[in-house]
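Laboratory data are not the source of any read-out in this text; all were calculated from the coordinates shown. What you see is a predicted model; the values in this text were computed from it and never measured. Cβ coordinates were reconstructed from backbone atoms using ideal geometry, including for glycine residues, and neighbour counts include every protein chain displayed.
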Ligand code: GLN
């Protein structure tokens, strides 16, 4: 029986168990830069609130964080807007794919939550109002959260994504028609595609969400990023909405607040204990990393560390 606090042994055990599953599924293929990422990669990191780092596999390899950037954008917007933010974005699971438009019409251009594309576009619109160069604000914020100056966005990924953003553009125009986008659509899409193209490693992402596990305080510099209450609320939103239309299954199998991206990363946190991140680029049908989901499920099962 593994000591449940021996994270090195635990990660090793998880890695061994998921080995046959790594590479199963489909790498995101809507832009060549993501389609070309070799699928047979896997990394996982646990960073405890006292700063200890535990890793297995490709935990130091940077990858495209994609929708995980929606979490950083949300926290940054929430810092500026507070609860007024909820007047423009809901906080209910959508039950539809991350890039779905269907609910926007019946809900008068108010997206279900900030973790689907429509919601993240409204959040990005808020950042466009609050910051001269919103994508730089998101990059700088990610740097502060993980205590690394080395974080950047990949310009090729951003450009490619921007060139194929017709669907996101449709959503943005539709929401603008309802008055829920204040800035020019082009400006919002530019910023959105750039923050989706940020590259980080599992270690950096596990460090970056530690503040949510620490009642809103960044453990690396002592800064209060969010109030304890806001950290609790945003963590709850990660649990209910952070993995798109698979959020119910994710809560059932893993039981941790988490946010995923189509680059194959899933970042999660154990309140009071640690940040966790897993990366493996091949995705299951809802756009979450296939091996990553299995790894997190095993992680909480073997360690007993879920919120339930
Ligand atoms: N950039 C991607 C998009 O807008 C992000 C999607 C994701 O990671 N789910 O489609």
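Here are the numbers for this structure:
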read-out	value
Beta bridge orientation in the chain: antiparallel %, DSSP, nearest 5	100 percent
Stretch gain in nm, segment residue 308-residue 133, where the contour uses 0.36 nm per residue and the Cα spacing is subtracted	59.0 nm
Tilt relative to the chain, helix 69-81 - C-alpha long axis, 0 to 90 degrees, to 10	60 degrees
Equivalent-ellipsoid semi-axes of the stretch 224-308, from the Cα gyration tensor, Å, largest first	20, 14, 11
Sorted by Cβ neighbour density within 10 Å, fewest at the top, the residues 273, 105	105, 273
Largest-first principal axis extents, alpha carbons of the stretch 162-236, Å	40, 28, 19
Relative packing of 241-252, 6-17, which averages over residues the other C-beta atoms within 10 Å, highest first	241-252, 6-17
Cβ-based exposure ranking for 176, 259, in which fewest neighbours within 10 Å come first	176, 259
Relative contact order (%) - criterion: Cα under 8 Å, at least six apart; region: the stretch 240-284	27 percent
In degrees, nearest ten, helix 228-241 long axis to first principal axis of the chain (Cα)	90 degrees
The chain: relative contact order in percent, alpha carbon pairs under 8 Å with at least 6 residues between	28 percent
Ratio of Rg to Rh over the chain (Cα coordinates, Kirkwood Rh, two decimals)	0.94
Degrees, to the nearest 10: 185-196 long Cα axis against longest axis of the chain	10 degrees
CD proxy at 222 nm, helix term only [per DSSP H run n ≥ 4: -39500 (n - 2.57); per residue of the chain; nearest 500]	-13500 deg cm²/dmol
